[in-house]
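**Student:** First the structure, then my questions, so here it is.
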Amino acid sequence: MGKVKGGMKCVKYLLFIFNFIFWVVGSMVLAVGLWLRFDSTTTSIFEVESSPTTFFIGVYILIGAGTLIMLVGFFGCCGAVRESQCLLGLFFSSILVIFAAEVAAGVFGFMNKDTIVSEIKDVYTSAVKDFNQDYSSNHTLTVFHEELKCCGDGKPDKDTNIRRLCSKGDEKSCLDAIEEFFNGKLYIIGYVGIGIAGVMIIGMVFSMVLCCAIRNSRDVI
């Protein structure tokens with residue numbers, strides 16, 4: 001079996017190091033996804049009645065991508081060490097699929113960012129309306145007020161009854177608090193995705209260079 005030599009041996013070890021880093025990145029993506037899914041504030045808000053599931057769709061994609069990245073990183077490490085064209089080809093194909101899925105998820109998240117925030121605001125506004133009609137319907141409002149440290153919808157003339165459910169000192173409009181909170185969460189997903197995309201491109205280039213070098217070394221023999 002031909003072995004790569006010279007500069008390609010350097011590429012081989014760089015690819016191994018890259019894949020180990022890739023595995024660590026996958027672990028981080030999985031951790032971020034699990035944090036977003038089980039964060040007490042996010043979970044409380046999305047467990048209230050009529051809450052949309054769009055945000056969690058993106059989170060579940062992130063969790064799945066993190067798990068897959070860890071698995072692919074393992075295959076990449078094995079392919080680099082064993083100089084296996086099969087494993088390297090599988091690594092490249094897997095990275096390409098993940099990259100395409102990540103781009104699709106990014107476009108989905110970007111296109112639906114405003115929709116997610118708008119739907120959550122609608123849930124809160126609807127809860128305010130229900131409370132003004134039936135003072136016993138306060139669970140949803142309590143969740144928003146406690147988790148986001150806010151009070152009312154920014155309309156003082158309509159917040160008199162609502163303020164009974166607010167903590168002392170909470171003056172921020174809940175509609176503004178919702179927008180700040182979820183925009184922050186979505187930016188985290190976006191930054192993580194951009195970083196991973198860059199790492200993936202480097203990995204695909206390294207894997208193809210090494211795969212071609214292995215094939216050429218065997219042709220010489």
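The values are calculated or read from the model by the stated rules, or taken from the named source; none is laboratory data. The shown structure was predicted, so the numbers you read here are calculated from the model rather than taken from an experiment. FYI the Cβ positions are ideal-geometry reconstructions off the backbone, even for glycines, and counts take in every protein chain you see. Ligands, DNA and RNA are stripped out before the accessible areas are found, and what is left, the full protein with its side chains, is counted by its heavy atoms. Shrake-Rupley method; radii C 1.70, N 1.55, O 1.52, S 1.80 Å.
**Student:** In this structure, is D159 acidic (D, E) and modelled with pLDDT under 80?
**Tutor:** Judged against the criteria, D159 is a match.
**Student:** Same structure, new question: So the check is Cβ under 8 Å with 6+ separation or different chains; which pairs have a first residue in segment 160-188 that's free of Cβ contacts under 8 Å to residues at least 24 places away in the same chain and open to solvent by 30 Å² or more (accessible area, probe 1.4 Å) and a second one that's of a type in the set (D, E, K, R) and part of a helix (DSSP H, G or I)?
**Tutor:** Close Cβ pairs (under 8 Å, with a partner that is of a type in the set (D, E, K, R) and part of a helix (DSSP H, G or I)) amount to S167/E146.
**Student:** Can I ask one more? Please count how many residues of segment 67-114 are closer than 20 Å to S207 by Cα and of a type outside the set (A, V, I, L, M, F, W, C).
**Tutor:** First pass over segment 67-114, keeping only residues closer than 20 Å to S207 by Cα: 68-102.
Among the residues that remain, those that are also of a type outside the set (A, V, I, L, M, F, W, C) are: 73, 76, 79, 82-85, 89, 93-94, 102.
Result for segment 67-114: 11.
**Student:** The conditions are (1) over 20 Å from the mean Cα position of the chain (by Cα); (2) surrounded by 14 or more Cβ atoms within 10 Å (Cβ to Cβ); (3) at pLDDT 75 or above; (4) of a type outside the set (A, V, I, L, M, F, W, C), and G33 fails exactly one of them. Which is it?
**Tutor:** (1)
**Student:** Here is a follow-up. If I filter segment 164-202 down to residues being of a type in the set (G, A, S) and part of a helix (DSSP H, G or I), which single residue comes out as farthest from L14 (Cα to Cα)? Quick ask: steps written out before the conclusion?
**Tutor:** We begin by selecting, within segment 164-202, every residue of a type in the set (G, A, S); these are 167, 169, 173, 177, 184, 190, 193, 195, 197-198.
Those still in the list that are part of a helix (DSSP H, G or I) too: 177, 184, 190, 193, 195, 197-198.
Values: A177: 45, G184: 35, G190: 27, G193: 23, G195: 19, A197: 18, G198: 16 Å.
Looking at residues that are of a type in the set (G, A, S) and part of a helix (DSSP H, G or I), I get A177.
**Student:** Same structure again: For residues in segment 71-92 being in a helix (DSSP H, G or I) and among the small types (G, A, S), which is most open to solvent (accessible area, probe 1.4 Å)? Give the steps one after another, and end with the answer.
**Tutor:** As a first pass, look at segment 71-92 and keep what is in a helix (DSSP H, G or I): 71-82, 85-92.
From what's left, among the small types (G, A, S): 73, 76, 79-80, 89.
Working: G73: 1, G76: 0, G79: 0, A80: 1, G89: 24 Å².
For segment 71-92, the residue satisfying everything is G89.
**Student:** Checking K129 against (1) within 20 Å of N183 (Cβ to Cβ); (2) surrounded by fewer than 19 Cβ atoms within 10 Å (Cβ to Cβ); (3) modelled with pLDDT of 80 or more, which test does it fail?
**Tutor:** (1)
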